[in-house]
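Report on the following structure.
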């Protein structure tokens with residue numbers, strides 16, 4: 001072990017950061033498909049969001065390294081959850097990507113560090129804003145599943 | 001700007017085939033942790049009071065002249081959902097006095113929303129920004145599951161801002177005054 005190895009963070013912190021990174025890897029891949037099916041201002045919007053996800057990915061990789069972890073690599077390819085052939089389907093995929101991103105960053109909000117919580121919450125907000133733009137409407141609980149909302153006290157973790 | 005896939009379609013697609021290849025870990029699992037009594041309760045009460053105020057502001061704006069109901073109603077119903085979800089987390093021991101006697105948050109002295117539609121939209125926009133920021137300020141001391149709910153609500157409120165902006169832009173594009 002070299003003297004430059006940072007102290008390892010709590011496993012829960014690294015797990016949550018890796019989950020967010022996995023979602024960002026998927027979003028970077030997915031937005032490539034989104035943009036390929038759009039034109040004009042919609043393609044420009046997809047490109048802007050694609051870049052935002054690359055920046056977020058880089059940020060998470062740096063956060064993981066600074067905590068003594070090794071950032072997980074992107075998969076070579078991702079099986080898309082929807083078939084994308086039309087602009088409407090491209091927008092639907094973008095919505096789906098942002099929902100997953102918001103959920104992943106809520107994992108950071110559950111950690112105990114104040115700075116990590118705030119970082120996670122701001123990323124949830126960014127995902128919610130992008131998602132609302134693609135959806136054309138807002139939602140009450142970005143990132144939270146119906147199950148989480150229906151039974152908030154069902155079991156203790 | 002985007003096409004309008006219905007939420008049902010999108011959620012169905014989400015259920016059908018998970019996208020993430022790398023990790024099955026779902027950070028939202030920790031949501032199930034119960035709120036502790038004590039500091040969490042006062043935190044929750046302040047969040048509930050904040051959402052009651054937002055509901056009251058939208059109701060007052062909708063009662064006023066000319067505010068675009070088609071824009072405001074969906075936002076109001078999201079605030080009502082926030083309020084209901086926050087209240088569902090509040091576990092009050094039997095026999096405790098209730099600090100919130102007004103169940104709907106309505107008409108306990110309605111907020112003074114500006115009368116002109118443009119000013120009402122600007123008022124609501126500022127209120128949303130303040131409320132979203134205040135939700136974030138509650139995060140440090142919240143139990144994990146409540147922190148996630150507050151962050152989600154804050155994000156939802158942040159998404160209301162561009163909706164109100166678009167409504168204001170529509171108005172100025174149509175008819176001044």
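Side notes on the structure shown:
- Filtered by the rule that a residue be within 7 Å of chain B (Cβ to nearest Cβ) and at pLDDT 95 or above, the stretch A:73-96 gives A:87, A:88, A:91, A:92, A:95, A:96.
- Residue in the stretch A:56-68 that is more than 8 Å from chain B (Cβ to nearest Cβ) and in a loop (DSSP other than H, G, I, E, B) present: yes
- Single residue of the stretch A:58-77 satisfying the filter (crowded, with 19+ Cβ neighbours inside 10 Å and closer than 20 Å to residue A:143 by Cβ) that is farthest from the chain's Cα centre (by Cα): A:63
- Residues located in the stretch A:30-41, provided they are surrounded by fewer than 21 Cβ atoms within 10 Å (Cβ to Cβ), touching a helix residue (DSSP H, G or I) at 6+ places or on another chain (Cβ under 9 Å) and assigned to a helix (DSSP H, G or I): A:32, A:33, A:35, A:36
- In the stretch A:120-135, the residue that is farthest from the other protein chains (Cβ to nearest Cβ) out of those that are out of contact with any helix residue (DSSP H, G or I) (no Cβ under 6 Å at 6 or more places or on another chain) and in contact (Cβ under 8 Å) with a residue 40 or more places away in the chain is A:126.
- Criterion violated by residue A:110 - all others in (1) buried (at least 17 other Cβ atoms within 10 Å of the Cβ); (2) without any contact (Cβ under 8 Å) to a residue 40 or more places away in the chain; (3) within 7 Å of chain B (Cβ to nearest Cβ) satisfied: (2)
The values are calculated or read from the model by the stated rules, or taken from the named source; none is laboratory data. All of these numbers come straight from a predicted model, not from anything done at the bench. A quick note on method: Cβ atoms are made from the backbone with ideal geometry, for glycine too, and the neighbour counts reach across all protein chains shown.
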